[in-house]
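Read through the structure below, which is laid out as structure tokens, and then see the notes.
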Amino acid sequence: MTYENVKKEPLVRIAKRPELSKGKATLVRLSSILVALLIGGLLILVLGYNPIAVYADIIKGSLLTGTALKSTVKIAVPLLGAALAIAPAFKMKFWNCGAEGQITVGAIVSTYFALYHVDNLPSPVLFIVAFAAAAVVGGLWGLIPAFFKARWGTNETLFTLMLNYIAIGFVKYLRIGPWMDKGQMFPKVPMFDKAARLPEVFGVHIGWIIVLALVIFIYVYMTRTKHGYEIAVVGESVSTARYSGMNVGKVIMRTMFLSGAIAGIVGWMMVCGTNYTLSDTTANGYGFTAIVVAWLSKLNPFTMVGISAFLAILQKGSNTIQTNFGIPASASEVLTGLILLCMLGSEFFINYRFVFRKKTVGGDD
Amino acid sequence: MKKILALILALVMVLSFAACGNDEPANEGGENAGTEGETLTAENIKIGFVHVSDPSDMGYTYNHDLGTWKMAENLGISEDQIINKYNIGEDEGCATAINELIEAGCDIIFATSFGHGDYMTEAAAEHPEIQFCHATGSQAADSGLSNYHNYFTSIYEARYIAGVAAGLKLNEMIANGTITEDEAVIGYVAAFYFEEVISGFSAFYLGARSVCPSATMITLKADSWSDPVKEGQIAQSLIDQGAVLISQHSDNTSPATTAEAAGLFHCGYNSDMAEAAPKASIISARADWSIYLTYAVECVLNGEEIVTDWCGGYAEGANFTSPLNTAVAAEGTQEKLDEVANGIKDGSIHVFAGPWSGYYVWDQTPYECAEGEWVEESETRSAPYFGYIIDGITLLDA
């Protein structure tokens, strides 16, 4: 670097902000949603529709009728579950991008029991066995990249991501091969028998109760237990953890087993509670969207409830506007993307600020 | 503070569950009750559609949608009596879409994609007061439900005619010296491999072979009804493997535009794909869904039973071919097509007539169809059930 380059100050610099007060940070976050709605409104206007009518329709189509509300909740529940699954791993700064695959293997195992043991197990036993099997297999699927990371320091982002495609590829094989519905002459897995479908409480499968219980479990686990403390220390600094005598490899593997197990349970409720069959899209992208939920809620399990409900409303609502206004699917995805981008972008403005050349530049690092 | 907020959020979620639980009984009587008392007329009937994509595919859904509006015009039904659910996948979203249509008070519900069948069957069993019609499906007869119906057209007839146009084009290319006899390879973009698709490409192939005896066909599947990018990639892959003419059983025009970009030729499905690829697309096999839709809605209005399996033929106009793209087609094609069309109408031409040999797709049992014999299609149910892979057709990825 030459001397001039160092001396010449750029027009705009990005500088770390001193910590914002909670009130101000909340204000920034709320205004980001407002900005998102305004930009989205502009998009809707350009497409030739009335923004207010479209927004009203999103609310109506996701919350205001029985079927719509149930369907929104059915989106929120697995999303929340997947976010809870990746939370401990992310706290540890282990970037688990494999929830999608962990959900899928949980779903595969549950499907096995639902298809082949529905006749010889009473329903409650079937549910418990499938639940346990999904958790164990999901956990093991999560354990694979953790083991490699702990042993050989492999890159967990790539590893977990690649395992997704293996799991989904395996579903394709099952769907076209051994598990194909022979009665239909079409490559799909049969629908589950009524006895293999989860009972409903208030019109939604019991998965929602389990997920809400998991919210409390993860909260307690992360903040009130030795395990949770170890996860936090490993996340902050592996060296510190090592100096204080923690077995880092063990913490990583244990946490990823838990993470995968919860994702596996989500897979179980997807097939037994929602879809009643297994398909390539059983995980439905929840494993990826959950990353957004986890970030936006800053890994706080209670905040996740609100964020996943919000995203579910957006998703269900965007389906509705496709129907009622004929807005193409791609355009309503752009709208959802805009809103998310603004919400995530606000985190940037909470942590950083722009410094212009003319202004005095004291006080920042 | 944070905890209180979180608690409130959790509470809101729980309460919303409770609320949706309470909603249920109200909905059952809800909007449906309004129409139940009075007689159904063209002014108050409500019609629901579950579509696998949206009309922007310019293919299957576009074509089915055309049928909807033609039916509305025929019967004097206004736009706001028709509710279209677009982009409904073959998964749980389908159950939700059907439930929302029921909630909105629909008296008759149509679903257009094969994979919607399982959800239609369950909804039909739960709501005997509503008529359910499922295109391309095969579950109605087995379900034994009087309010559940399947419909399709004998599209294989229009496909056969399109195949003849393709065969004549291959002949022209052979005569010009562009290709040798052995290079008369048709590439077929298939959505899946099962009877509906197999019936279609076999008919197309037999049509082509009836005029170009050296024609062969290679196929690849997209594992999706509608995936514009993948359909285009498959078409390109078929071209790379020697195909000089592309046809398709998939919803988008990307195979047509891919063929055009390669300077090759194409026969379309669902819509007149010559609009998307004027230099490549010779002719398209199409269905006119308005005939069935008009019939089914009329039955509901008159309080009559809808037949369990409906399969509209070429002779009654339920399937047809788009106008021949004379700029691309070989000389003399129109005359030959008229002759074949007449043969199909009067029954002198059977699409799946021998001689051909092949095997049954599900268990590889060999099958021989001798000269003068033919395999029947769509006689016992509306959804196609021709499942033989004829020698000369190679499934590259089966």
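Brief remarks on what is shown
- Checking each residue in the stretch A:311-354 for being free of Cβ contacts under 8 Å to residues at least 60 places away in the same chain, at the interface with another protein chain (Cβ under 10 Å from one of its Cβ atoms) and surrounded by fewer than 20 Cβ atoms within 10 Å (Cβ to Cβ) picks out A:GLY326, A:PRO328, A:ALA329, A:SER330.
- Inside the stretch A:252-275, residues that are of a type in the set (Ser, Thr, Tyr) and more than 14 Å from chain B (Cβ to nearest Cβ) make up a count of 2.
- Condition check for B:ILE234: assigned to a helix (DSSP H, G or I), within 14 Å of chain A (Cβ to nearest Cβ), among the aliphatic types (A, V, I, L, M) and surrounded by 22 or more Cβ atoms within 10 Å (Cβ to Cβ): no
Listed here are the residues, each with its yes/no results for (1) within 23 Å of A:MET304 (Cβ to Cβ); (2) modelled with pLDDT of 95 or more; (3) not small (Gly, Ala, Ser).
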| site | (1), (2), (3) |
| --- | --- |
| A:LYS172 | no, no, yes |
| A:ILE176 | no, no, yes |
| A:TRP179 | no, no, yes |
| A:LYS182 | no, no, yes |
| A:PRO187 | no, no, yes |
| A:ALA196 | no, no, no |
| A:PHE217 | yes, yes, yes |
| A:TYR221 | yes, yes, yes |
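- Residues located in the stretch A:218-245, provided they are within 14 Å of another protein chain (Cβ to nearest Cβ) and surrounded by 15 or more Cβ atoms within 10 Å (Cβ to Cβ): A:ILE218, A:TYR219, A:MET222
- All positions within the stretch B:199-224 that are among the aliphatic types (A, V, I, L, M) and either away from chain A (no Cβ under 14 Å) or under 16 Å from B:ALA158 (Cβ atoms) (or both): B:ALA203, B:LEU206, B:ALA208, B:VAL211, B:ALA215, B:MET217, B:ILE218, B:LEU220
- Summed over the stretch A:180-212, residues that are under 30 Å from B:PHE192 (Cα atoms) and not aromatic (Phe, Trp, Tyr) total 15.
- B:ALA166 at pLDDT 95 or above, in a helix (DSSP H, G or I), in contact with a Leu (Cβ under 9 Å, 6 or more places away or on another chain) and small (Gly, Ala, Ser): yes
- So B:GLU122, is it within 11 Å of chain A (Cβ to nearest Cβ) and not in a helix (DSSP H, G or I): no
- Only a single item in (1) closer than 22 Å to B:ALA341 by Cα; (2) within 14 Å of chain A (Cβ to nearest Cβ) is not met by B:PRO228, and it is number (1).
- The residues of the stretch B:73-85 that are of a type in the set (A, V, I, L, M, F, W, C), in contact with a Leu (Cβ under 9 Å, 6 or more places away or on another chain) and either surrounded by fewer than 18 Cβ atoms within 10 Å (Cβ to Cβ) or more than 14 Å from every other protein chain (Cβ to nearest Cβ) (or both) amount to a single one, B:LEU75.
- The residues of the stretch B:309-359 that are assigned to a strand (DSSP E or B) and loosely packed, with under 15 Cβ neighbours inside 10 Å amount to a single one, B:SER357.
- The single condition among (1) in a helix (DSSP H, G or I); (2) out of contact with any Cys (no Cβ under 8 Å at 6 or more places or on another chain) that B:GLU129 does not meet is (1).
The values are calculated or read from the model by the stated rules, or taken from the named source; none is laboratory data. Every value quoted in this text rests on a predicted model; they were computed, and no experiment measured them. No Cβ is skipped: glycine too gets one built from the backbone with ideal geometry, and neighbour counts run over all protein chains shown.
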